[in-house]
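Engineer: Sharing a structure below in structure tokens format, with a few things to ask.
No lab work stands behind these numbers, since they all come straight from the coordinates. The structure displayed is predicted, hence computed values, not measured ones. Every residue, glycine as well, gets a Cβ built from its backbone with ideal geometry; the counts of neighbours run over all protein chains shown.
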Amino acid sequence: MALFPSWWARRGPMQRREARAGLLFVLPWVLSLLLLTAYPVLATFYMSFTDYNVVQPPTWVGLHNYRTMLTADPAFWTSVRNTAVYTLLAVPLGLVGSLGLALLLNLSVRGLGVYRTLVYLPVLAPPVASTIIFMGMFAPDGGLINAALQQVGLPALGWLQDPTWSKPVLVILSLWGLGAGALIFLAGLQEIPQALLDAAAIDGAGPWQRFRYITLPLLTPVILFNLVIAVIGSFHVFTPALIIGGTTGKPLESTLMFMVHIYRNAFRYFAMGYASALAVVLFVAVLVLTFAIFWSARAWVYEARG
Amino acid sequence: MAACGTSTPPGVGEPVTVVFWTPGGGGDFCARFDTIAKDFRKSYPTIHIGPTQCGAGDQEFTEVLLARIAAGNPPDATILWTSPAALAARGSLQPLDDLMQAAQYAQAENWPPAVLASCRFQGKTYGLPVTAGSCGLWYNLEMFEQRGIPADRDDFPKTWDELRRLSKEFTLWKGDRLEIAGFIPWHTAEDLPIWSALNGSQLYDAANRRYTLDAEPNVAMMTYAMEWLEQEYKGDFAKVMRSGNWEGHEIEGRQPVTMDQRQAMVLTYSWNISTPAYTQPMLRWDVARFPVGPGGNQAVAGYWPNWLVIPKGTRHVVQAFTWLDYLSGVGVKEWFRDFPDLPANRQVPRDLLPVALVTAKGEAFARDIMSFFREQLDAATPMWDSPVQDFATDQIKRALEQMLYKVAKPRDALAEAQKACQGALDKVFKTGA
């Protein structure tokens, strides 16, 4: 408080007027941050220590929800495992796939605008609609994928009815949104100075060497961004998992993702307190992982100096 | 009509608008209520039923309903597709006993006791089971006749052993594909209470507030089903499910194989019989009572209601109940014409027939089938009466999957589900929430 008056006092009338105007402009954003983000986050944190069914007032239970999570809820560990496997598969595949698409979209070919539009279009499809389409494609009886497999003499698979294949199908479904990452990679690729690539070519560097020693290092800040977004997104996978596996994560809980576990506890089992505890754990896990990625970035992300 | 809360009796005082929701519904289901509401207004001019809210858009219905109850602005009345007992246990619904006493149609004695039990929690009634589709075993007459098997309803198997022997007459595999199925033994969580009751047991003992999932008769019931699957269906439930939709109704866009004459017998509910799968001109079928298990001695049936409830915090309790009472005794007749959910109230005439079935199969057939389903409703076993219904359903589904995919034996899978369900139940009765 002592700082504020002296900072304010040192400013002339014009500067104070500008500061007031600036504060007024950011006020709506600040209010929405407090009401729509900060308050729900703090409320969730408080609810995680209560027994709360939404309708009746919460009852304080201390660490009971966290103890239950770790010792008396097998579905907690199942959903953690499923989400981890999904992340480990979907994130690398998504990054490699979107980078590959971006490299293709960075070529000088006729009709490039059309290709870029087509690559991005699936991103605009509503997740429910795209999930239902995929379910039809991967239907074990009469689905397009099994029909194609059988055409080339391969056996039909159970896909979403087989616990071995249900998660891979979810991962494949996640690749539907490659266009979003590809667009960001494309922007990064176009920032790379052509002169560097030309000079390397003149010095005898082949395409792979130019990609490995020039393009990839200069692209690392964009890779970092896409990696963080992809990891956060994969931890939050919900709509496709819920539509495909329902609230039980069928078959055999193989599609029970952490967000689905939170959702069913909150709105199907009326255990909002426990669901809040799960949400807090998810928040902390994503926070720790994000910090770890940023910390590791010192070792592999190129930063231009001077 | 008894006056409750702060609402004035209908027909007296200023006009009131009652907000009415449904969880959704295909075709004209929701619009049908607007038609019923217009007729209702003629009898109750001061009670206006607002346009029916059909579902909750992209959001899940129960989620939205709970949020509105918590916020203090719920609809005045709503249909539920989930057990009222669960919501009642959380203090989300208005008790209706006082209103039911003075009702025209919705008095307690006008409902089948087993069906009304699904609306009761700790001695109070929190909903009206306006419709309760009952079920039976559907069978394909032509497939029976082709194999020289007597197809009269009274000749249908009376025991599980007889059903199992009959099923083998039909089942046919071509490599790894199940071409034709006789009867696939019980594998859905919602129907399991029926099979448990047929074997002389139950899954949930409401009177003693106990789950009995791992009782010996239930373990025996599932062991029987697993042995059946092993012997007739190669023990590979995944291969069975890959070969088609064997559930007797459309699922995720897949039509049931009954339409292609690939299934001889399947459990079906009364509302299915007006769907294209059952009204095809060339498909000849009938329905029969459930056979009894080794541990049972009574051919019970099951049901699946639409429930009418009044959320806590409603502003017009009496007027909302007047509307629900009307729906129970009068409005349901209009509802039934195109959507044959069986009216559960005993004051509703028992000669109502679904239009689609009459058109497709003739009035005599429709009358016989509806009479059968009404008898089945009278023989219904208690279901849907647990305050942790949805949690228990998920646990039972999990246990069934473990058994069907051979991850666990019936005893172990049921024991795990029993522990989880009883724990959740004890918590509800201990904390009252």
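Engineer: With +1 on each Lys and Arg Cβ and -1 on each Asp and Glu Cβ, and nothing else charged, work out how big the dipole of the protein assembly as shown is about its Cα centre, in Debye to the nearest 20. Write out the running numbers ahead of the final one.
Structural biologist: Working: 59 positive and 61 negative charges, 489 e Å.
Dipole of the protein assembly as shown, to the nearest 20 debye: 2360 debye.
Engineer: While we're on this one: Quick one: B:Lys38, A:Lys167, fewest Cβ neighbours within 10 Å first, how do they rank?
Structural biologist: Numbers: B:Lys38 9, A:Lys167 20.
Taking fewest neighbouring Cβ atoms as first place, the list is B:Lys38, A:Lys167.
Engineer: With just the Cα atoms defining each centre, how far is region B:311-365 from region A:4-45? Give it in Å.
Structural biologist: 58 Å
Engineer: Taking the Cβ of A:Ala271 as the centre, find all other residues whose Cβ is under 15 Å away and add up their charges (Lys, Arg: +1; Asp, Glu: -1).
Structural biologist: Numbers: positive: A:Arg67, A:Arg264, A:Arg268, B:Arg90, B:Lys427, B:Lys430; negative: A:Asp51, A:Asp73, B:Glu63, B:Asp390, B:Asp394, B:Asp426.
My count for the surroundings of A:Ala271 gives 0.
Engineer: Further, regarding this structure: Pull out the extension gain between A:Phe294 and A:Thr220, defined as 0.36 nm times the separation in residues minus the alpha carbon to alpha carbon distance; nm, one decimal.
Structural biologist: On the way: separation 74, 0.36 × 74 = 26.64 nm, distance 1.20 nm.
In short, 25.4 nm is gained.
Engineer: If you don't mind, there's one more thing I want to ask. Using only helices, what value at 222 nm comes out for the protein assembly as shown when you add -39,500 (n - 2.57) per DSSP H run of length 4 or more and divide by the total residues, to the nearest 500 deg cm²/dmol? Working shown, then result.
Structural biologist: Working: 33 runs with 379 residues, N = 739.
It lands at -15500 deg cm²/dmol.
Engineer: Please give every one of the aspartates and glutamates within straight-line cross-link reach of B:Lys409, meaning a C-alpha to C-alpha distance under 12 Å, and leave out same-chain neighbours fewer than 8 residues apart.
Structural biologist: B:Asp214, B:Glu227, B:Glu401
Engineer: Amide H neighbours of B:Gly136 under 5 Å, at least 5 residues apart or on other chains, H built in the peptide plane: list them.
Structural biologist: Amide H neighbours of B:Gly136, under 5 Å, 5+ apart: B:Thr268.
Engineer: Then there is this: Please give the FRET efficiency for A:Leu36 paired with B:Met282, using the beta carbon to beta carbon distance and R0 = 60 Å, rounded to the nearest 0.05.
Structural biologist: Values: r = 59 Å, r/R0 = 0.98.
It comes to 0.55.
Engineer: Please find the FRET efficiency linking B:Asp368 to A:Val152, where r is the Cβ-Cβ separation and R0 is fixed at 56 Å, and quote it to the nearest 0.05. Show your work: numbers first, answer last.
Structural biologist: Details: r = 51 Å, r/R0 = 0.91.
Efficiency at R0 = 56 Å is approximately 0.65.
Engineer: Something else: Taking amide H positions as placed in the peptide plane 1.01 Å from N, state which residues far from B:Thr125 in sequence (5 or more) or on other chains have amide H under 5 Å from it.
Structural biologist: B:Leu96, B:Asp97
Engineer: Please list the equivalent ellipsoid semi-axes of chain B, computed as the square roots of five times the alpha-carbon gyration tensor eigenvalues, in descending order and whole angstrom. Mind showing how you got there, number by number?
Structural biologist: Details: eigenvalues 292, 137, 66 Å².
Taking √(5λ) for each eigenvalue gives 38, 26, 18 Å, largest first.
Engineer: How high is the FRET efficiency from A:Leu63 to B:Glu63, r the C-beta distance, R0 22 Å, rounded to 0.05?
Structural biologist: On the way: r = 27 Å, r/R0 = 1.23.
Using R0 = 22 Å, I get an efficiency of 0.25.
Engineer: Just for the protein assembly as shown, what percent of DSSP beta bridges are antiparallel, to the closest 5?
Structural biologist: Values: 29 of 39 bridges.
Bridges in the protein assembly as shown are about 75 percent antiparallel.
Engineer: Answer rounded, prolate or oblate for region B:289-378, using the Cα gyration tensor with square roots of eigenvalues a ≥ b ≥ c: rounded when a/c is under 1.5, else prolate when a/b is larger than b/c, else oblate.
Structural biologist: Working: a/c = 3.07, a/b = 1.40, b/c = 2.19.
Oblate is the answer for region B:289-378, as a/c is 1.5 or above yet b/c matches or exceeds a/b.
Engineer: Just flag the trypsin sites (Lys or Arg not before Pro) in region B:160-232 sitting in loop per DSSP whose Cβ has no more than 15 other Cβ atoms within 10 Å.
Structural biologist: Here the trypsin sites (Lys or Arg not before Pro) that fit, given the DSSP loop and packing criteria, are B:Arg209.
Engineer: Also, I was wondering about something else. How large is ³J(HN,Hα) for each residue in region B:107-117, as worked out from phi by the Karplus curve 6.51 cos²θ - 1.76 cosθ + 1.60 (θ = phi - 60°), to whole Hz, x for Gly and Pro?
Structural biologist: 3J(HN,Hα) across region B:107-117, in whole Hz: 5, 4, 6, 8, 10, x, x, 5, 6, 5, 4.
Engineer: Okay, moving on. Under the classification rounded if a/c is under 1.5, otherwise prolate if a/b is larger than b/c and oblate if not, where does region A:259-306 fall, given a ≥ b ≥ c as square roots of the Cα gyration tensor eigenvalues? Don't skip to the end; give the middle numbers.
Structural biologist: On the way: a/c = 5.55, a/b = 4.52, b/c = 1.23.
Here region A:259-306 falls in the prolate category.
Engineer: What are the residues whose amide H is under 5 Å from the amide H of B:Glu247, where those residues sit 5 or more places off or on another chain and H is modelled from the backbone?
Structural biologist: B:Val257
Engineer: Is region B:308-433 best put as rounded, prolate or oblate by its Cα gyration tensor, with a ≥ b ≥ c the root eigenvalues, rounded for a/c under 1.5, and otherwise prolate when a/b is larger than b/c, oblate when not? Spell out each step's value before the answer.
Structural biologist: Details: a/c = 3.28, a/b = 1.43, b/c = 2.30.
Verdict is oblate for region B:308-433.
Engineer: Tell me the label-point distance for the pair B:Arg210, B:Asp176, using the 7 Å Cα-to-Cβ offset, in nm and rounded to one decimal.
Structural biologist: Those two pseudo-labels are separated by 4.6 nm.
Engineer: Continuing with the same structure: GNM on chain A, C-alpha springs below 10 Å: top fluctuator among A:Ala200, A:Ala90, A:Ala277?
Structural biologist: Per the Cα network of chain A with a 10 Å cutoff, A:Ala200 tops the list.
Engineer: List B:Asp260, A:Asp141 from most exposed to least, where exposure is judged by having the fewest other Cβ atoms within 10 Å. Kindly include the intermediate steps, with their values, before the conclusion.
Structural biologist: On the way: B:Asp260 11, A:Asp141 17.
Least to most surrounded, the residues fall as B:Asp260, A:Asp141.
Engineer: Could you check which residue among A:Gly206, A:Gly179, A:Gly273 shows the biggest mean-square fluctuation in a GNM of chain A with a 10 Å Cα cutoff?
Structural biologist: Ranking A:Gly206, A:Gly179, A:Gly273 by mean-square fluctuation puts A:Gly206 first.
Engineer: Same structure again: Going down the list B:Lys124/B:Lys361; B:Lys312/B:Lys333; B:Lys168/B:Lys397; A:Lys250/B:Lys312; B:Lys168/B:Lys406; B:Lys397/B:Lys430, which pairs span over 31 Å between their C-alpha atoms?
Structural biologist: Working: B:Lys124/B:Lys361 42 Å; B:Lys312/B:Lys333 28 Å; B:Lys168/B:Lys397 26 Å; A:Lys250/B:Lys312 34 Å; B:Lys168/B:Lys406 22 Å; B:Lys397/B:Lys430 26 Å.
Violating the 31 Å Cα-Cα cut-off are B:Lys124/B:Lys361; A:Lys250/B:Lys312.
Engineer: I want the local charge near B:Leu414. Using Cβ-Cβ distances under 12 Å, sum +1 for each Lys or Arg and -1 for each Asp or Glu among the other residues.
Structural biologist: Working: positive: B:Arg398, B:Lys409, B:Arg411, B:Lys419; negative: B:Asp214, B:Glu216, B:Asp412, B:Glu416.
Neighbour charge sum, excluding B:Leu414 itself: 0.
Engineer: Now for a separate question. Arrange the following residues from fewest to most other Cβ atoms within 10 Å of their Cβ: A:Leu218, A:Leu256, B:Leu137. Mind showing how you got there, number by number?
Structural biologist: Values: A:Leu218 18, A:Leu256 26, B:Leu137 21.
Going from sparsest to densest Cβ surroundings: A:Leu218, B:Leu137, A:Leu256.
Engineer: Once Rh for region A:171-260 is found with the Kirkwood sum over Cα pairs, what is the Stokes-Einstein diffusion coefficient at 25 °C and 0.890 mPa s, in µm²/s? Don't jump to the answer; show the numbers that get you there.
Structural biologist: Numbers: Rh = 15.7 Å.
Reported coefficient: 156 µm²/s.
Engineer: A further question on this structure: Express in nm, to one decimal, how much length is gained between B:Gln347 and B:Asp28 on full extension, taking 0.36 nm for each residue of separation and deducting their alpha carbon distance.
Structural biologist: Details: separation 319, 0.36 × 319 = 114.84 nm, distance 2.52 nm.
Contour length minus the Cα-Cα distance gives 112.3 nm.
Engineer: Continuing with the same structure: In a GNM of chain B with a 10 Å cut-off on Cα contacts, which of B:Asp34, B:Asp152, B:Asp214 has the highest mean-square fluctuation?
Structural biologist: B:Asp152
Engineer: Are there any GluC sites (Glu not before Pro) in region B:241-348 that are in a DSSP loop and have at most 15 other Cβ atoms within 10 Å? List them by number.
Structural biologist: B:Glu250, B:Glu252
Engineer: Right, here's the next one. Could I have the simple spin-label model distance between B:Lys234 and A:Leu23, label points 7 Å from Cα toward Cβ, reported in nm to one decimal?
Structural biologist: 7.5 nm
Engineer: Of chain A, which part is the longest with no trypsin sites (Lys or Arg not before Pro) in a loop (DSSP not H, G, I, E, B) and with at most 15 other C-beta atoms within 10 angstrom? Can you show the working numbers first?
Structural biologist: Details: sites that count: A:Arg11, A:Arg110, A:Arg305.
Looking at chain A, A:111-304 is the longest stretch - no exposed trypsin sites (Lys or Arg not before Pro) with at most 15 other Cβ atoms within 10 Å.
Engineer: Still on this model: Determine the gain in length on full extension of the stretch B:Lys406-B:Lys419; use 0.36 nm per residue of separation and subtract their C-alpha separation, reporting nm with one decimal.
Structural biologist: Numbers: separation 13, 0.36 × 13 = 4.68 nm, distance 2.01 nm.
Roughly 2.7 nm would be gained on extension.
Engineer: Given points 7 Å out from each Cα along the Cα-Cβ axis, report the A:Phe211 to B:Gln122 separation in nanometres with one decimal.
Structural biologist: Inter-label distance under the simple model: 6.7 nm.
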